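Input: a single structure, listed below in structure tokens.
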Amino acid sequence: MPDLADFGLIGLAVMGENLALNVESRGFRVAVFNRTTEKVDALLVGRAAGKKFIGCHSLPELVGSLSSPRKIMLMVKAGPAVDELIEQLLPLLAPGDILIDGGNTHFADTERRTKYVESKGLLYIGTGVSGGEEGALKGPSLMPGGSPAAWPHVEKIFKAIAAKVGPKGDIPCCEWVGPRGAGHYVKMIHNGIEYGDMQLICEAYFLLHRCLGLTSDALYEVFDNWNQGELDSYLIEITRDIFSVKDDQSGDFLVDRILDRAGAKGTGKWMSQLALDLGVPSTLVTEAVYARSMSAMKDERVKASKLLAGPRGALDKGDRHKFIEQVRQALYASKICSYAQGFVQMRHAAEEMQWPLDYGRIALLWRGGCIIRARFLERIKEAFDANPKLENLLFAPYFKDAVERAQPAWRRVVLAAVDLGRPVPAFTTALTYYDSLREARLPHNLLQAQRDYFGAHEYERTDKPGRFHTDWLRKRRGPG
Ligand code: NBP
């Protein structure tokens with residue numbers, strides 16, 4: 001009988017297998033199980049050969065091979081599979097044992113499961129895991145939430161496997177986020193921000209490629225240059241790299257051969273749906289989701305491109321350097337609005353769900369090991385350190401000044417796109433968000449009047465408290 005394992009992992013697809021190898025590489029013994037048990041055997045004779053692994057062919061065997069309190073992480077397809085596994089595991093476990101869901105789970109499921117598992121005397125964690133397969137193996141960003149009593153038991157392992165950042169490379173991108181579904185909510189916001197960032201980068205590419213005629217060689221240089229400054233981030237870096245890759249068959253740049261029809265797994269949609277439920281304007285992620293939907297309507301677009309009239313201009317090449325810089329500034333200002341919206345949504349959700357979130361620490365969780373890792377996350381941490389109750393990132397001096405500086409260029413880029421008939425929904429909605437926020441009086445006095453006119457929905461007044469109704473039909477100017 002080998003020594004008991006420190007950590008159990010169920011689900012040996014790409015993420016689970018890599019996470020198990022990561023945990024083992026930090027000095028822990030790992031017990032693994034997969035529904036299709038051939039995968040357990042393949043791992044044990046393959047990548048895990050000679051390592052501190054215990055391969056299990058049943059859940060009782062897995063539970064029996066773990067030291068107490070048992071820590072079992074599920075890395076299976078999000079949804080019913082997690083509920084099924086919880087039901088199968090509960091009778092086998094003892095009070096104080098810990099179940100961990102590392103999948104891309106909807107936060108409401110984690111809220112429900114935490115309460116359910118706690119009611120059975122056990123502890124539960126729902127953790128965001130970001131960084132894809134490579135992150136899982138080498139160091140993901142981890143966003144755990146759930147039963148607070150579980151955290152001291154897993155903290156050492158989680159921090160050991162997480163990505164590390166900081167001048168000495170020793171600060172883990174992993175901190176306890178909050179109770180119940182808080183970790184999965186924060187992961188969903190991360191993914192929504194990722195949607196926004198990707199859409200903004202695509203719009204910058206679209207303008208530079210289609211309006212200015214930049215080829216992949218030139219775009220490589222532009223993105224390489226952008227990555228040296230305030231836009232420095234993983235997504236800008238991989239975009240640069242993409243512009244260097246050629247197609248083996250044709251010898252053309254591969255990106256030019258890829259069909260413009262985007263896929264989505266749904267976390268952006270969740271963020272957008274939950275923003276609507278909360279009544280907060282997370283417009284960037286929503287436009288990014290719709291932009292993917294529009295991209296998927298390829299046949300309709302091809303038909304419309306021949307049918308519907310409108311400008312299809314190009315820019316004067318003489319202004320090339322100026323326009324590239326304007327697009328960079330538009331991208332940066334829009335990105336700030338996107339993060340501002342993400343943090344506003346988190347704050348409203350935290351108030352509703354009663355999660356005590358630390359927004360500065362959340363920004364730091366995303367500095368490494370995840371798709372939105374970027375230099376400017378440090379600035380977000382500083383902004384929340386200076387004012388933990390910050391209502392909107394745009395109110396923090398650093399971001400306020402940055403957007404103010406970028407604003408003239410940002411407006412010119414949106415104007416140019418509208419003029420040339422090129423869609424830039426994320427740039428545009430970011431600017432609309434900024435301008436709406438700056439407007440102390442929006443036209444919704446009129447909207448309230450309309451609602452009261454046709455539906456007696458009442459309105460509030462600017463000069464006295466209370467709710468009022470007017471008989472608009474009686475008071476209106478008569479015809480003629
Ligand atoms: P998948 O999401 O493709 O899930 C495959 C795993 O789930 C296999 O181990 C499969 O077992 C197991 N499974 C299924 Br399907 N139904 C099951 C059931 N009823 N009972 C037990 N096991 C079941 O794997 P993945 O891509 O590695 O992702 C794992 C989780 O991590 C997902 O929630 C995913 O959303 C999340 N995630 C993925 C990424 C990524 O980049 N892929 C990044 C971050 C988070 P089998 O072998 O017997 O079919």
Legend entry - Residues of type aspartates and glutamates that Lys298 reaches as a straight line, Cα spacing below 18 Å, ignoring anything fewer than 8 places off in the same chain: Glu203, Asp256, Asp260, Glu287
Inset, instruction - Taking H placed 1.01 Å from N in the peptide plane, check which residues at least 5 places from Arg373 or on another chain put their amide H under 5 Å from its amide H. - result: Tyr234
Legend entry - Links that overshoot a 19 Å alpha carbon limit, given the list Lys77/Lys138; Lys120/Lys156; Lys77/Lys187; Lys52/Lys138: Lys77/Lys138; Lys120/Lys156
Legend entry - Distance between modelled label sites at Glu87 and Lys156, nm, 7 Å Cα→Cβ extension: 3.6 nm
Legend entry - Sites Ala296 and Asp252 - FRET efficiency at Förster radius 25 Å, r taken between beta-carbons, to 0.05: 0.55
Legend entry - Fewest-first ranking of Thr286, Thr110, using other Cβ atoms within 10 Å as the exposure measure: Thr286, Thr110
Inset, instruction - Rounded to the nearest 500, what is the 222 nm mean residue ellipticity of the chain from helices alone, with -39500 (n - 2.57) per DSSP H run of 4+ residues and division by all residues? - result: -16500 deg cm²/dmol
Inset, instruction - Search the structure for amide H atoms under 5 Å from the amide H of Ala5, placed 1.01 Å from N in the peptide plane, and list their residues when 5 or more places away or on another chain. - result: Leu66, Ser67
Inset, instruction - With a Förster radius of 45 Å, plug the Cβ-Cβ distance of Asp217 and Lys168 into 1/(1 + (r/R0)^6) and report the FRET value to the nearest 0.05. - result: 0.75
Legend entry - Percent antiparallel among DSSP beta bridges (both partners in the chain, rounded to 5): 35 percent
Inset, instruction - Name the shape class, rounded, prolate or oblate, that the alpha-carbon gyration tensor gives for the stretch 130-268, where a ≥ b ≥ c are the square roots of its eigenvalues, rounded holds for a/c under 1.5, and otherwise prolate holds if a/b is larger than b/c and oblate otherwise. - result: prolate
Inset, instruction - Could you tell me how many degrees, from 0 to 90 and to the nearest 10, lie between the Cα long axis of helix 80-89 and the main elongation axis, the longest principal axis, of the Cα atoms of the chain? - result: 30 degrees
Inset, instruction - Mind putting a number on the dipole of the stretch 65-129 about its Cα centre? Charges go on the C-beta only, +1 for Lys and Arg and -1 for Asp and Glu, and I need it in Debye to the nearest 20. - result: 120 debye
Inset, instruction - Compute the label zone of Leu307 within the stretch 422-459: residues whose backbone N is under 20 Å from the point 7 Å along Cα-to-Cβ. - result: 422-423
Inset, instruction - In debye, nearest 20, what is the charge dipole magnitude of the chain about its Cα centre with +1 on Lys and Arg Cβ and -1 on Asp and Glu Cβ, if you could check? - result: 980 debye
Inset, instruction - Using only C-alpha positions, report the orientation-averaged shadow area of the convex hull of the chain, nm², one decimal. - result: 30.5 nm²
Inset, instruction - Kindly identify the stretch 281-367 as rounded, prolate or oblate by the Cα gyration tensor criterion: order the square roots of the eigenvalues as a ≥ b ≥ c, call it rounded if a/c is under 1.5, otherwise compare a/b with b/c, prolate if a/b is larger, else oblate. - result: oblate
Legend entry - Formal net charge of residues neighbouring Leu92 (Cβ-Cβ distance under 13 Å; K, R +1; D, E -1): -1
Inset, instruction - For a footprinting-style exposure proxy, rank Tyr339, Tyr398 by other Cβ within 10 Å, fewest first. - result: Tyr398, Tyr339
Legend entry - Estimated FRET transfer efficiency (Leu415, Ile238; beta-carbon r; R0 35 Å; 0.05): 0.75
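Under 1.5 on a/c is rounded, so check that first for the stretch 219-274, then, if it is not, pick prolate when a/b is larger than b/c and oblate when it is not; a ≥ b ≥ c are the square roots of the alpha carbon gyration tensor eigenvalues.
oblate
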Legend entry - In order through the stretch 452-463: 3J(HN,Hα) via Karplus (6.51 cos²θ - 1.76 cosθ + 1.60), integer Hz, x for Gly, Pro: 6, 4, 8, x, 6, 7, 6, 9, 9, 10, 7, 10
Legend entry - Integer Hz, Karplus 6.51/-1.76/1.60 couplings in order for the stretch 464-475, x for Gly and Pro: 7, x, x, 10, 10, 10, 10, 7, 4, 5, 6, 8
Inset, instruction - Give me Ile193, Ile72 ranked fewest to most by other Cβ atoms within 10 Å of their Cβ, as a rough exposure proxy. - result: Ile72, Ile193
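Values in this text are rule-based calculations from the coordinates and carry no lab data. This is a predicted model, so every value here is computed, not measured. We place every Cβ from the backbone using ideal geometry, glycine too, and count neighbours over all the protein chains shown.
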